[in-house]
Amino acid sequence: MNPLPFIVGLFLLCLAIADLLWTTLWVEGGAGPLTASAMRWTWRGVRLVGRRRRSLLTVAGPVVLLLSITLWLGLLWAGWTLVFAGLEDAITDTLGPGPISWTERLYFVGYSLFTLGNGDFAPRDGLPQMLTVLTTASGMLFITLIVSYVISVLDAVTQKRALASSVSSLGQHGEAIVRTAWDGADCAALELPLASITSDINELTTNHQAYPILHYFYTDDPTFATVRSIAVLDDALTILQFGTPAPHRPAAAVVQSAHRSIGTYLETVGSSFGHSADTAPDVPDLSTLREAGVPTVEDGRFRRSVDDVAARRKQLGGLLEADAREWPVADE
């Protein structure tokens, strides 16, 4: 027995299995250390390349996902190959005698891991046979787990874009949402869509915690840009909470629930991907609402109220910067 490759192989297997299970099964844990590092460095590289061509950022999510899968399978393959290399004469050639090369070990582990069952090589009796069973079992288990993970991630990406589309259908900036909802008496028309969007934000927050890779699925279409849409919605909630008189607002419970849901989203996503911007975004302009006949409070009072939530708006601004976007304004 050669202990060095055997020990290194076991280490690689433990590393791959721990990172894979951490990423795919541990909902509270986010991504495993290897996957998290791969995601960060891939995003930085894609952003660097895509400075002049924003459309290149759309490949970040698929690239990160494929890189994670390749990392897990590569470590499993390399780990099992080293384990068999550490056992002397663990594999025999069924077609002819002779020493087993590294290429042949890779081949044997590959078709055992991916359950091809070619049979050109066979394990010797005893421990090599048991290890071959474990190799095949790990391949079946982890490949099935990876496929399930990919399907779940793609489903969460679809839900994420559907949320952004729901917000965008109300308006492309906060003032537009409030102006569109005004019916001449109040903005109660927002209550039903706000309740639905709040539920979607809560689901998005849960998905981000379970699948951190979601953040890297970028779109250059602002209609489907989730971070931007949440900033738009938060601006609308800020106007409703601080910029309009109480009798003309939607039900307070609905507005507060949406506000809290965005706060939870910021805590979950911002802690991993964002940072606080140096300055808070510009205060929404109430003049456009007054021109549309929407009752508003005095500008000075509104600005003082918005200053009280400057930290939250800086956090949102930082998240937009991390997503390679700018704060949505009324003249877009």
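The values are calculated or read from the model by the stated rules, or taken from the named source; none is laboratory data. None of the values given here were measured: they were computed from a predicted structure. Cβ: placed from backbone, ideal geometry, glycine included. Neighbour counts: every protein chain shown. Heads up: the accessible areas ignore ligands, DNA and RNA and are worked out on the full protein's heavy atoms, side chains in. Shrake-Rupley method; radii C 1.70, N 1.55, O 1.52, S 1.80 Å.
Between S287, S229, S261, where does the largest GNM mean-square fluctuation fall for the chain, given springs only between Cα atoms within less than 10 Å?
S287
Please compute the length gained on full extension between M1 and D183, using 0.36 nm multiplied by the number of residues separating them and subtracting their Cα-Cα distance. Present the calculation step by step, with values, prior to reporting the outcome.
On the way: separation 182, 0.36 × 182 = 65.52 nm, distance 8.10 nm.
Result: 57.4 nm gained on full extension.
For A195 and E28, compute 0.36 nm times the residue count separating them, minus their Cα-Cα distance, and round to one decimal in nm.
Length difference between fully extended and current span is 57.6 nm.
Can you give the relative contact order of the chain as a percent, counting alpha carbon pairs under 8 Å and 6+ residues apart? Intermediate values should be presented prior to the final figure.
Values: 444 pairs, mean separation 62.3, N = 332.
Relative contact order here is 19 percent.
With r as the distance between the Cβ atoms of T158 and A251 and R0 = 35 Å, compute the FRET efficiency 1/(1 + (r/R0)^6) and round to 0.05. Please report the intermediate quantities before stating the final value.
Values: r = 30 Å, r/R0 = 0.86.
Step by step, r from the Cβ atoms, then E = 0.70.
Could you tell me the accessible area of R249 in Å² (1.4 Å probe, neighbours in place), rounded to the nearest ten?
Accessible area, nearest 10 Å²: 80 Å².
What shape does region 226-296 take by its C-alpha gyration tensor, where a ≥ b ≥ c are the square roots of the eigenvalues and a/c under 1.5 counts as rounded, a/b above b/c as prolate, and the rest as oblate?
Values: a/c = 2.91, a/b = 1.60, b/c = 1.81.
It is oblate, given that a/c is not under 1.5 and a/b is not larger than b/c.
If I model a spin label as a point 7 Å beyond the Cα along the Cα-Cβ vector, how far apart are those points for S148 and A311 in nm?
Those two pseudo-labels are separated by 4.1 nm.
Which helices of the chain meet both criteria: a Cα extent of 27 Å or more along the helical axis and a mean Kyte-Doolittle score no lower than 0.0, with helices taken as whole DSSP H segments?
3-25, 60-86, 127-170, 252-273
Where the only charges are on Cβ atoms (+1 Lys, Arg; -1 Asp, Glu), what is the dipole of region 214-312 about its Cα centre, to the nearest 20 debye?
Once rounded to the nearest 20, the dipole reads 360 debye.
Mind checking the per residue accessible area of the chain for me, 1.4 Å probe, whole number of Å²?
48 Å²
Could you order peptides 5-16, 69-80 by the average number of other Cβ atoms within 10 Å of their residues, highest first?
69-80, 5-16
Over region 73-179, what is the relative contact order in whole percent, taking alpha-carbon pairs under 8 Å and six or more residues apart?
22 percent
Taking R0 as 35 Å, what FRET efficiency do you get between T264 and T115 from their Cβ-Cβ distance, rounded to the nearest 0.05?
For T264 and T115, the calculated efficiency is 0.25.
Contour minus end-to-end for T206 and F11, with contour as 0.36 nm per residue of separation and end-to-end as the Cα-Cα distance? Before the final figure, lay out the partial values.
Values: separation 195, 0.36 × 195 = 70.20 nm, distance 3.19 nm.
Gain on extension, T206 to F11, equals 67.0 nm.
Rounded to the nearest percent, how much of the accessible area of the chain (1.4 Å probe, protein heavy atoms only) is carbon and sulfur?
The C+S portion of the solvent-accessible surface of the chain is 59 percent.
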